[in-house]
Amino acid sequence: MKIRCIIVDDEPPARDEWLYMLSRMEDVEVVATASSATQALEVIYEHDPDLVFLDIEMPGGNGFTVVEQLMDMEDPPLVIFATAFDQYAIRAFEENAIDYILKPLEEQRVRKGLDKVRQRLARENAPDAAEKPHSELAQLLEKIGQRDSFTRISVESRGRVLLLQPQDVYFCRADDKRVWVHTRDDRYLCHGTVNLGKLEERLGAHAFFRANRADLVNLAKVREFAPWFNGKYTIIVDDAVGTEIVVNRSRVKDFKDRLGL
């Protein structure tokens, strides 16, 4: 049985290289190619492949955007990310990629990735597979808000990407379609196309609380709080400047419940 796959890359030479390399593998069939995130979703829904080789930096939304949309599928394909940029590796595996291949492509490395796919498909087609989720991507849906201690927040700093641990983040603030991540002494622009809602979802297993539309607060970093006016509360964060954050009236009960009050 052949592995039906789709190649997604915005560069024609890269697609040609994939096509040539995969043509040398007898149990792999390329059923379609795509050059953008939008086109990728169209051909994935049309052809229902077993596997998607997915570039990350593309027009019309990056590879992570595609994976987020695939979560809505009942039976999503496996994903192997392929990119020239190694800073995406941790997030790729958080998004449940089966593998992460750096360009330029090497046939031996691609074959190694396909071995993982074969092993995964063999497990899913085992007699007891009906009792298990079809893939780890499906398992991820069941675990939203329950990410483990390996969660990292990627931020930009002097042309590099830093990976912050949740316990080092004091609060996150949305400002003019950007998200800033605040530590004790500094603030960093969140890396990639992420909004505060997505960040809240990723940090669901940690002590973060959505105080208002713009602020996501690490409750472990709250120094004090007090009633304010109109039923609102104000939080003092234990950072270097004692940042004040308002808890909306509609969120006060949840705030107190989270603190066990």
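The values are calculated or read from the model by the stated rules, or taken from the named source; none is laboratory data. Computed from a predicted model, the values in this text were never measured in an experiment. Positions of Cβ are backbone-derived with ideal geometry, glycine not excepted, and every protein chain shown enters the neighbour counts. To get the accessible areas, we keep the full protein, side chains included, count just its heavy atoms, and leave off ligands, DNA and RNA. Shrake-Rupley method; radii C 1.70, N 1.55, O 1.52, S 1.80 Å.
Brief remarks follow.
- Criterion (within 23 Å of Glu68 (Cβ to Cβ), modelled with pLDDT of 90 or more and surrounded by fewer than 17 Cβ atoms within 10 Å (Cβ to Cβ)) met by exactly one of Ala205, Ala214: Ala214
- Counted residues, the range 206-233 - those being closer than 23 Å to Asp176 by Cβ, out of contact with any helix residue (DSSP H, G or I) (no Cβ under 6 Å at 6 or more places or on another chain) and in a strand (DSSP E or B): 4
- Among the candidates Ala89, Ala126, Ala130, residue that is farther than 21 Å from Thr151 by Cβ, modelled with pLDDT under 85 and in a helix (DSSP H, G or I): Ala130
- Hey, Ile236 surrounded by 14 or more Cβ atoms within 10 Å (Cβ to Cβ), part of a strand (DSSP E or B) and in contact (Cβ under 8 Å) with a residue 40 or more places away in the chain or not: no
- Here Thr193, Thr151 are screened, and the one residue that is at pLDDT below 95, under 18 Å from Phe64 (Cα atoms) and surrounded by fewer than 15 Cβ atoms within 10 Å (Cβ to Cβ) is Thr193.
- Residue in the range 219-233 that is surrounded by the fewest Cβ atoms within 10 Å (Cβ to Cβ), counting only those that are within 13 Å of Ile245 (Cα to Cα) and out of contact with any Asp or Glu (no Cβ under 9 Å at 6 or more places or on another chain): Ala226
- As a summary of the residue check, Tyr170 satisfies the conditions (1) hydroxyl-bearing (Ser, Thr, Tyr); (2) touching a Ser or Thr at 6+ places or on another chain (Cβ under 7 Å); (3) loosely packed, with under 12 Cβ neighbours inside 10 Å except for the one numbered (3).
- Positions within the range 94-119 being open to solvent by 30 Å² or more (accessible area, probe 1.4 Å), within 21 Å of the chain's Cα centre (by Cα) and modelled with pLDDT of 90 or more, in sequence order: Lys116
- Subset tally (residues that are touching a residue at least 40 places away in the same chain (Cβ under 8 Å) and not charged (D, E, K, R)) for the range 208-228: 9
- The set of residues in the range 239-252 that are open to solvent by 50 Å² or more (accessible area, probe 1.4 Å) and farther than 15 Å from His182 by Cβ comprises Asn248, Arg249, Ser250, Arg251.
For every residue, the table says whether it meets (1) closer than 14 Å to Leu114 by Cα; (2) at pLDDT below 95.
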position	(1), (2)
Ile6	yes, no
Asp10	no, yes
Leu19	no, no
Arg24	yes, yes
Val28	yes, no
Thr33	no, no
Ala37	no, yes
Ala40	no, yes
Val52	yes, no
